[in-house]
1. Can you find even one residue in region 268-275 that is in a loop (DSSP other than H, G, I, E, B), under 26 Å from residue 233 (Cα atoms) and assigned by TED's automatic domain parsing to the domain that holds residue 201?
2. Here are some conditions: (1) at pLDDT 95 or above; (2) buried (at least 17 other Cβ atoms within 10 Å of the Cβ); (3) not small (Gly, Ala, Ser). Residue 284 meets all but one. Which one does it not meet?
3. Residues that are farther than 21 Å from residue 103 by Cα and among the aromatic types (Phe, Trp, Tyr): does region 151-170 have at least one?
4. Checking the conditions here, which among 144, 209, 196, 201 is among the charged types (D, E, K, R) and crowded, with 17+ Cβ neighbours inside 10 Å?
5. Which pairs have Cβ atoms under 8 Å, sit 6 or more apart or on different chains, and link a residue in region 172-193 that is within 15 Å of residue 31 (Cβ to Cβ) to one that is of a type in the set (Gly, Ala, Ser) and outside any helix (DSSP H, G or I)?
6. Is it the case that residue 168 is in the same structural domain as residue 25 (by TED's automatic domain parsing), more than 19 Å from residue 109 (Cα to Cα) and surrounded by fewer than 13 Cβ atoms within 10 Å (Cβ to Cβ)?
7. Out of region 232-251, which residues are hydroxyl-bearing (Ser, Thr, Tyr) and surrounded by 14 or more Cβ atoms within 10 Å (Cβ to Cβ)?
8. Checking residue 298 against (1) modelled with pLDDT of 90 or more; (2) within 19 Å of residue 222 (Cβ to Cβ), only one condition comes out false. Which one?
Amino acid sequence: MSASEFRSGFVCLVGRPNAGKSTLTNRIIGRKIAITSDRPQTTRRTVRGVLTRPDAQLIVVDTPGLHKPRTLLGERLNDLVRATWTEVDVIGFCLAANEETGPGDRKLAAELASIQRGPVIAVVTKTDAASPDEVAARLASISELAAEVGLNVAEYVPVSAVTGDNVDVLVDLMIARMPQGPQLFPATQDTDEPEEAMCAELIREAALEDVVEELPHSIAVTIDEMGLREDRPADKPLMDIHATIHVERDSQKPIIIGKGGARLKKIGSQARSNIELLLGTKVFLSIHVRVAKEWQRDPKQLRKLGF
C-alpha cells in the first residue's frame, strides 16, 4: 500500500451516561485503557485509544456521558464532550439496545444535528443484552429520532463489545470515512494516557464497586507519588504508588474505609492487581482517604483534582 492510500483520523464516541462507550473503546483497542462500571458518569475525561492497522490508524476518543449537570463538575464534563466532538473526523453516536429512546437521546441528537460537520454513525451498543426484535425496534426508533431532529446518519451499526459481534464491521466503516493521511502515533502505542492517570482511574474503578447512592459521584483519586523503588534487583523491580481517594463529606470516609479497614484493603488489592497488569511489574500501593468538602462544586478544588 502506498503512503497516499493510508488513512488516519479521530472518532469520538458520544452518548448518554452508561451507553457502553468505554467498554466499546476497550474492545476496539484490544485492551483496557478506559475504566468501566455500571455506575453512570464513570468516565470523567477524554480517553484516547490508538488502533493501528497496515492500512490505517484510528484514534478512538471515549468521552463522558452527556447529562443534565447538577454540579460544576457536571457542567465542565459536558463542555469537554462538546469541545471534543467538534474536533474529530467521525462521531459514533452510542445508544444502548436494551434501553428506550429518551429525552437525553433526543437532546443529544438535536445538538449533533445543529453542529454536524462530519459523518455520524449510530452505534447500537449492548446487543448481547437485547433480543433480535428489541435490537430491530431500537434501530427503527433511532432512525425515526434522526429524521425528527434532522440528523444525517451515515450508518446504523448494532454491536456488542462483550461478544465482539459486529465490532470489526464498525471499525471498517469508521476507517472508510477517515481522511487519507500519515500515521499519527507509533505503531506500538495504543493510548496517549499517562501511566499515572491510568493508575488513578484503576483505583477509582475499584472504589466504585459496591458503593451506593451518591457516593460514586463523590469519589476522586489522585496519585501523590509514583516511582520505582531504589536498591531493588534489576530483575525484580517494584513500583511504589501512593494515592489518595477524595470524598466530599465526613460521613463518606468511613464507608470507603470499611469496618476495620476491610473495604479499603479490598479496593487496594483489586486496584493493585489491575495496575500490575498495566505496568507489567510488581506494585506496592498505599491509599489514603481524605475529605475534600463539596469538591464537585468548588472551582479551586476541581483544579487541584485535574478538572
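1. Filtering region 268-275 down to residues in a loop (DSSP other than H, G, I, E, B) leaves none.
No, because not a single residue in region 268-275 is in a loop (DSSP other than H, G, I, E, B), under 26 Å from residue 233 (Cα atoms) and assigned by TED's automatic domain parsing to the domain that holds residue 201.
2. For residue 284, the failing item is (2).
3. Checked against the condition, which is being farther than 21 Å from residue 103 by Cα and among the aromatic types (Phe, Trp, Tyr), region 151-170 yields no hits at all.
4. Working: 144 fails: crowded, with 17+ Cβ neighbours inside 10 Å; 209 fails: crowded, with 17+ Cβ neighbours inside 10 Å; 196 fails: crowded, with 17+ Cβ neighbours inside 10 Å.
That would be 201, the only listed residue that is among the charged types (D, E, K, R) and crowded, with 17+ Cβ neighbours inside 10 Å.
5. Final answer for the pair search is 190/30; 190/49; 191/49.
6. Working: in the same structural domain as residue 25 (by TED's automatic domain parsing): yes; more than 19 Å from residue 109 (Cα to Cα): yes; surrounded by fewer than 13 Cβ atoms within 10 Å (Cβ to Cβ): yes.
Yes.
7. Taking region 232-251 as the starting set, the residues that turn out to be hydroxyl-bearing (Ser, Thr, Tyr) are 244, 251.
Hit for region 232-251 is 244, nothing else.
8. (1)
The values are calculated or read from the model by the stated rules, or taken from the named source; none is laboratory data. Predicted model, so just to flag it, every value in this text is computed and none were measured. Neighbour counts are summed over all protein chains in view; Cβ atoms, including those assigned to glycine, are modelled from backbone coordinates with ideal geometry.
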